[in-house]
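Report on the following structure.
The values are calculated or read from the model by the stated rules, or taken from the named source; none is laboratory data. None of the values given here were measured: they were computed from a predicted structure. Note that we place each Cβ from the backbone using ideal geometry, even for glycine, and neighbour counts take in every protein chain shown.
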Amino acid sequence: MSDYRNRSDHDGRDRQPRDLVSWILADGQRRVALSHLREQGPTTLDDLSEHLADRAGSETDDHRRVRTSLSNHHIPLMRRAGLVEYDEAGETLAMGSVSTEVDDLLAVSLDADAPAEE
C-alpha cells in the first residue's frame, strides 16, 4: 500500500506530479487559497492572507501568521506542482497553467468544499 509519508518527507519532495497535487489538495488552507485564485483571479499575498484569516475567523495577528505560512510553506509547494505562479517582487499570485488532468482533480477537490445549495 502506497502512502505519501512513505515516499518522502513532509514537504512534498520526490513525489510524482499527480501525487504531489493530491497531497497539496489534502490541506484545507491550500484548497481555500486555490479556490480563491480560481474565482477571483490574480491577487496579492496580503489579500490572500486576509481572505484565509477572515474565512477562519482569525484575529489581526493571525493574518501575519497566515501570511508567513503561505510564503514560507504553502506557496513553494503549490509552485513546485505548477498550481500557482508567484511574483516575489510584487508579491502577487495567480493560477498556474495546469494539465487537463490536474485541472479536473483540482475542480473535483474544490467542488467538494463548496457549500451545498438548499
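Would you check if HIS74 is at pLDDT 95 or above and either surrounded by 11 or more Cβ atoms within 10 Å (Cβ to Cβ) or among the polar types (S, T, N, Q) (or both)? Yes.
Identify all residues within region 77-93 that are surrounded by fewer than 15 Cβ atoms within 10 Å (Cβ to Cβ) and more than 11 Å from the chain's Cα centre (by Cα); write none if there are none.
The answer is ASP87, GLU88, ALA89, GLY90.
Here ALA53 fits the description: touching a His at 6+ places or on another chain (Cβ under 8 Å), of a type in the set (A, V, I, L, M) and either surrounded by fewer than 17 Cβ atoms within 10 Å (Cβ to Cβ) or over 25 Å from ASP19 (Cβ atoms) (or both). Looking across region 94-118, the residues that are closer than 16 Å to LEU52 by Cα and touching a Lys or Arg at 6+ places or on another chain (Cβ under 9 Å) come down to LEU110, ASP113. Within region 21-68, if we keep just the residues that are among the hydrophobic types (A, V, I, L, M, F, W, C) and not in a helix (DSSP H, G or I), the residue that is nearest to GLY90 (Cα to Cα) turns out to be ALA56.
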